[in-house]
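To start, the structure itself, in structure tokens.
The values are calculated or read from the model by the stated rules, or taken from the named source; none is laboratory data. Being a predicted model, the structure only gives us computed values, none of them experimental. Methodologically, a virtual Cβ is constructed for each residue, glycine included, from the backbone with ideal geometry; neighbour enumeration extends over all protein chains shown. All accessible areas refer to the heavy atoms of the entire protein, side chains included, with ligands and DNA or RNA removed. Shrake-Rupley method; radii C 1.70, N 1.55, O 1.52, S 1.80 Å.
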Amino acid sequence: GTSKTLTIENYLKSLSVEKYLKLRINMSSQTRSKDVQVNVEANVDKRMGNIYGPPSGKKLVIFFDDMNMPKVDLYGTQQPIALLLTLLSYG
């Protein structure tokens, strides 16, 4: 390719470890929504009620590599991407 992944990885390396928690998720045709959910949940803390976030004082940066790879299901949906859309829409 065009070094897209390498460019993002170099940028992520430049982020301060004191301020940022970095998570990289590699997508493939075998990636399931549950895989994405487990990876994200492992990197956030429960705050109160249904509020979750990175450890106090940090921001979570997630890099999804090969985001277009998850298999399309019977309904034309890529479930891991649908989960991400839901997470983003709720802030």
- Here the range 8-15 yields Karplus 3J(HN,Hα) values (6.51, -1.76, 1.60; θ = phi - 60°; whole Hz; Gly and Pro given as x) of 5, 4, 5, 5, 4, 5, 7, 6
- Note on the structure: In whole Hz, the Karplus estimates of ³J(HN,Hα) for the range 48-59 (6.51, -1.76, 1.60; θ = phi - 60°; x where Gly or Pro) are 7, x, 10, 9, 10, x, x, x, 3, x, 10, 10
- Task: Would you tell me the accessible area of Ile51, worked out with a 1.4 angstrom probe on the heavy atoms of the protein chains, in Å² to the nearest 10?
- Result: 90
- Task: Would you pull out the residues with amide H under 5 Å of Phe63's amide H, same chain only if 5 or more places away, H placed 1.01 Å from N?
- Result: Leu23, Arg24, Ile25
- Note on the structure: Taking 0.36 nm per residue of separation between Glu9 and Ser56 and subtracting their Cα-Cα distance, the length gained on full extension comes to 14.5 nm
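Among all stretches of the chain without exposed chymotrypsin sites (Phe, Trp or Tyr not before Pro) (DSSP loop, at most 14 other Cβ atoms within 10 Å), which one is longest? It would help to have the intermediate numbers written out before the result.
Working: sites that count: Tyr75, Tyr90.
Counting at most 14 other Cβ atoms within 10 Å as exposed, the longest clean stretch of the chain is 1-74.
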- Query: Which of the GluC sites (Glu not before Pro) across the range 8-91 are loop residues per DSSP, with 10 or fewer other Cβ within 10 Å?
  - Reply: Glu18
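When the Kirkwood radius is taken over all Cα pairs of the chain, what Stokes-Einstein diffusion coefficient follows at 10 °C and 1.306 mPa s, in µm²/s? Present the calculation step by step, with values, prior to reporting the outcome.
Working: Rh = 14.5 Å.
Taking Rh from Cα pairs, D becomes 109 µm²/s.
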- Task: Could you order peptides 27-33, 43-49 by the average number of other Cβ atoms within 10 Å of their residues, highest first?
- Result: 27-33, 43-49
